[in-house]
1. Accessible area per residue of the chain at 1.4 Å probe, in Å²?
2. Give the Kirkwood hydrodynamic radius (Å, one decimal) of the stretch 150-299, defined as one over the mean of 1/r across all pairs of different Cα atoms.
3. Jot down the per residue volume, in cubic angstrom and as a whole number, of the convex hull over the alpha-carbon atoms of the stretch 39-180.
4. Which longest uninterrupted range of the chain lacks any GluC sites (Glu not before Pro) assigned by DSSP to a loop state (not H, G, I, E or B) and surrounded by at most 14 other Cβ atoms within 10 Å?
5. With a 1.4 Å probe and all protein chains left in place, how much of the accessible area of the chain comes from carbon and sulfur atoms, in whole percent?
6. Give the residue from 280, 253, 263 lying farthest towards the positive end of the charge dipole for the stretch 208-293; charges sit on Cβ (+1 for Lys and Arg, -1 for Asp and Glu) and the dipole is referred to the Cα centre.
7. Considering the stretch 120-183, what Rg and Dmax in Å follow from its alpha-carbon atoms?
8. Each label point is 7 Å from the Cα along the Cα-to-Cβ direction; what then is the distance between the points at residue 66 and residue 159, in nm?
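The values are calculated or read from the model by the stated rules, or taken from the named source; none is laboratory data. Remember, predicted model here, so these are calculated numbers, not experimental data. Backbone-built Cβ (ideal geometry, glycine too); neighbour counts: all protein chains shown. When the accessible area is computed, the model is the full protein with side chains, heavy atoms only, and any ligands, DNA or RNA have been set aside. Shrake-Rupley method; radii C 1.70, N 1.55, O 1.52, S 1.80 Å.
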Amino acid sequence: MPYRAPGSTDKPRPNFLSGKPIRYYRPRGSADVRQLIDDGFQAFNAARLGEACRIFTDKMLLPENDTTIGLTIAGAMTPAGLGGCVVELMERGLIDFVISTGANLYHDLHYALNFTLHRGSPFVNDVELYEEGVIRIYDVLFPSKVLLETDAYIRDFLTRSGMDGPVSTAEFHYALGRDLLERQPGCQEHSIVAAAAATGVPLYTSSPGDSSIGMNIAYHELMNDSRLMIDPNKDVNEVCAFILAGKKNGCVILGGGSPKNFYLQGQPTLWEVYGIPKGGNEFFIQITTDSVVWGGLSGATPAEAVSWGKVNPGVLPDTCVTYCDSTVAFPLFCEYVVGAPTGRRPRKELVHKRDRLVAALKKEAMAARKEHPHPEEPLETMPDLERHR
């Protein structure tokens, strides 16, 4: 007998996919939004969002600073249609590389392949959704066939690509993006993966196995005897090479989690592991709903990051944490940025410079190896401490 919620009638089930399609929102630089943020957002986290906007436009984007800017993305941003904001920033040269959860890049592919996600409600019956073959991401609803057909495209791409060895996630996503551009002309208007390939922006994911893209790569190895492997060592060194080459470095962090730390670990990798005293970020912007008191990395403040060498201690005035849902704050941030006088700059197209910059990193690390830092005094190990108890 079909499942019914207690007290329900025999009326027909609702059409869960009747909501409006979710479109990739592209900011246009609204003067009204800029006025609201500058004049109306005067205190509390509204003021922090305004501060973040002005740090980005008035400092990070100044031509003389030539800031290398990384964007990190956690949370379900692409299902909510906010990948269009990222596409706009990439096209304008306002972000130079991206580190994202794999899930955001996977769900981005739905838009590239012309599948439809719908506005819905978070208060529907999930058992009925399951029986109807509908997937829910909070209030985003779409048919399960979207997953199956996206997976089928990925597996077909993996076979056609001919990739058969270790690659960085940037190399993999670039090849995927080029394939989308060829097979879905014009999709760079509404796909981060395709737009990144078109604009030369490297796309990384700090957890490649934690998404349906990684799941299909695992299938390719098991079922097709492929030797294609995502090599996280390449990712670490490429991101470190970008940071080392940057005249100044800055980040915009949406949420937190693994993408945030994967970016911020670049500076400690340089000084702690390679012995290169590059220094930390000059600019730091984070939009998060997490609180630092819970101990999660998502809530770690710029001040705490100073102790790790992730942020330069003298630049704390050029850092800002806005405690707000990214789906609210990020499109406002992008409207402000796109409408600013500094809202466009030449693209760095780092995806084409990875090998050269990694070679420069290796050369400098080899030169620094003779003076690699060591602890000044012997460290007490846990057995040492136990003997003193």
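1. Working: 18820 Å² over 389 residues.
Value for the chain: 48 Å² per residue.
2. On the way: mean 1/r = 0.0585 Å⁻¹.
Result for the stretch 150-299, one decimal place: 17.1 Å.
3. On the way: hull volume 22.8 nm³, N = 142.
Measuring per residue, one finds 161 Å³ for the Cα hull of the stretch 39-180.
4. Details: sites that count: 64, 349, 376, 380.
No qualifying site falls inside 65-348, the longest such stretch.
5. Values: 10250 of 18820 Å².
Answer for the chain: carbon and sulfur cover 54 percent of the accessible area.
6. The one lying farthest along the dipole's positive direction is 280.
7. 16.4, 45
8. Calculated label separation equals 4.8 nm.
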